[in-house]
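FYI, it's all coordinate maths here, none of it is from the lab. In this text the structure is predicted, and so the values were computed from the model without any measurement. Here the Cβ positions follow ideal geometry from the backbone for every residue, glycine too, while neighbour counts run over all protein chains shown.
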Amino acid sequence: MDTFKLGENFMLGTATASTQIEGGDTNNTWYKWCQEGHISDSSSCFTACDHWNRVKEDTELLKDLNVQIHRMSLEWSRIEPEPGKFSAYAISHYRDEIKQLLANNIQPLVTLHHFSDPLWFQNMGGWKKPENSELFIGYVRHVVENLGDLVAEWVTFNEPNVYTTFGYELGIFPPGSRNLIESIKVKAEIIKTHVKLYNMIHKIRLEKNFKGKTMVGAAMHLRIFEGISRMGKITAKIVNYAFNELFMVGMTTGRLMFPLAGKGYRYEKGQYADFLGINYYTRNIVEFALDPSNYFHQLISDKNLKKSDLGWDIYPEGIYMLCRKYYHKYKLPIYISENGISDKNDSRRAQYIVNHLAYIAKAIDEGIPVDRYYHWTLMDNFEWVEGESAKFGLYKCNFANQQRIPRKSAEVYAKICKEKQLTEEMIKSFWK
Ligand code: BGC
């Protein structure tokens, strides 16, 4: 590969999620999940990075990284603490946060649903009850009416495949179900809701004459699944279909593929995404396993590849493979809405970033419009079931005193953000 240019129009930034950084909220499903003891190191999202009280300080961190874009999420349970009752305080807090980004020329991409739901929503049956999706739609209406003058770009759902697989099939995220039939219904409901939200967000921003080009999409967790043995290859295809394809097709075209299609859904052929949001971390080798509790498969790591602290294989070419595949399928611009590594000692992060960006540069060079890269993540945070133990941050966060300290890789990333290219020195030090 001889070109590592990212191009003048390419934008770089960071991604975060409210439940993972804000702290202080007891009204969401993750708070309860922590209280019930499901977190490996017994930490709680109640602490996190106390970002709710440190927005100004954290905006300074973003400035120091020279980012042009930032992806953040809103905590539904803060904005709508009771069904139908909206908090003016929470809205004004988020308005202020977004204004701080804009004042620093950082363009926000705002996620509406990132793994957490209000407790009242879960108590009402959550996504398992199809009629409840109207509650989420009502919430989004309120948000877009009240923040849509500041925000043009929206992610409806973050990783609906992870949310449903972990929460409704494997039981490791709230609500902790292990019920495939239920999960299939929830998946279908989320896709239908996404289609409605896509239309609604465009409509509200148009009617209210809000400035900026409206961009709506989902952030999909996409993995490379590869089989080696004959059975492994067949199993990998099935896993890829169930994990990647069902939602990729659904969130982009509105189509409910087998086994999601249910009665009474009038599928209107269309395009319900203005960009393809791709969260990419790793590749898995797949093998068939006679184990119904794990849905007849096993994910194996490749002993020839370097690993993150969580044991995830580092496989940068995967990002290129996915961009190429899905651009050719949908012809939409691509936002890498997340990409990052858990690396406590910071011994692999700079290399991880450079190598993934090098493969993005290759895609761009081939005419694939990869427009954005949001690095996961700004600072160590509450990493769901891993709690505070998985260190994904460009900044180290000391959860006891809330001190943020830049890691070495933050310097490298800040330089890339500034120059929008991988320098010769970076290539020499990190490529492959
Ligand atoms: C999620 C993030 C998470 C990251 C690292 C993604 O699956 O969207 O919330 O922290 O991966 O595990």
Among what's in region 313-347 and is touching a Leu at 6+ places or on another chain (Cβ under 8 Å) and closer than 24 Å to ILE285 by Cβ, pick the residue that is farthest from the ligand (Cβ to nearest atom). TYR326
Give the residue that is nearest to the ligand (Cβ to nearest atom), with candidates limited to residues of region 399-432 that are closer than 30 Å to GLY37 by Cβ and surrounded by 14 or more Cβ atoms within 10 Å (Cβ to Cβ). PHE399
State which residue is farthest from the ligand (Cβ to nearest atom) when the search covers only region 376-395 and only residues that are of a type in the set (Ser, Thr, Tyr) and touching a strand residue (DSSP E or B) at 6+ places or on another chain (Cβ under 9 Å). TYR395
Taking only pairs six or more apart or across chains, which ones have beta-carbon atoms under 7 Å, a first residue in region 267-279 that is on the phi < 0 side of the Ramachandran plot, and a second residue that is within 16 Å of the ligand (Cβ to nearest atom) and acidic (Asp, Glu)? ASN279/GLU159; ASN279/GLU338
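For region 59-85: of the residues being in a helix (DSSP H, G or I) and charged (D, E, K, R), which is nearest to the chain's Cα centre (by Cα)?
First, the residues of region 59-85 that are in a helix (DSSP H, G or I): 59-64, 76-79.
With charged (D, E, K, R) added as a condition, the list becomes 60, 63-64, 78.
Values: GLU60: 23, LYS63: 22, ASP64: 23, ARG78: 20 Å.
Residue satisfying both the conditions and the ranking: ARG78.
Please verify whether region 363-375 includes one or more residues that are among the basic types (Lys, Arg), touching a residue at least 24 places away in the same chain (Cβ under 8 Å), within 16 Å of the ligand (Cβ to nearest atom) and not in a helix (DSSP H, G or I).
The first filter runs over region 363-375 and keeps only residues among the basic types (Lys, Arg), leaving 372.
Right, trim to touching a residue at least 24 places away in the same chain (Cβ under 8 Å) and you get 372.
Those left that are additionally within 16 Å of the ligand (Cβ to nearest atom): 372.
Filter again for not in a helix (DSSP H, G or I), leaving 372.
There is at least one residue in region 363-375 that is among the basic types (Lys, Arg), touching a residue at least 24 places away in the same chain (Cβ under 8 Å), within 16 Å of the ligand (Cβ to nearest atom) and not in a helix (DSSP H, G or I).
So which of ALA261, ALA242 is loosely packed, with under 15 Cβ neighbours inside 10 Å and either under 16 Å from VAL186 (Cα atoms) or of a type in the set (Val, Ile, Thr) (or both)?
Working: ALA242 fails: loosely packed, with under 15 Cβ neighbours inside 10 Å.
Within the list ALA261, ALA242, the selection yields ALA261.
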Hey, among ALA236, ALA219, which residue is of a type in the set (A, V, I, L, M, F, W, C), out of contact with any helix residue (DSSP H, G or I) (no Cβ under 6 Å at 6 or more places or on another chain) and outside any helix (DSSP H, G or I)? ALA219
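Here's the yes/no breakdown for (1) in a helix (DSSP H, G or I); (2) in contact with a helix residue (DSSP H, G or I) (Cβ under 8 Å, 6 or more places away or on another chain); (3) touching a residue at least 12 places away in the same chain (Cβ under 8 Å):
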{"residue": "ASN132", "(1), (2), (3)": "yes, yes, no"}
{"residue": "VAL144", "(1), (2), (3)": "yes, yes, yes"}
{"residue": "VAL151", "(1), (2), (3)": "no, yes, yes"}
{"residue": "VAL155", "(1), (2), (3)": "no, no, yes"}
{"residue": "THR165", "(1), (2), (3)": "yes, yes, yes"}
{"residue": "LYS192", "(1), (2), (3)": "yes, yes, yes"}
{"residue": "LYS196", "(1), (2), (3)": "yes, yes, yes"}
Residue selected from region 110-125 under the condition within 16 Å of GLU75 (Cβ to Cβ) and more than 16 Å from the ligand (Cβ to nearest atom), by the criterion nearest to the chain's Cα centre (by Cα): PRO118
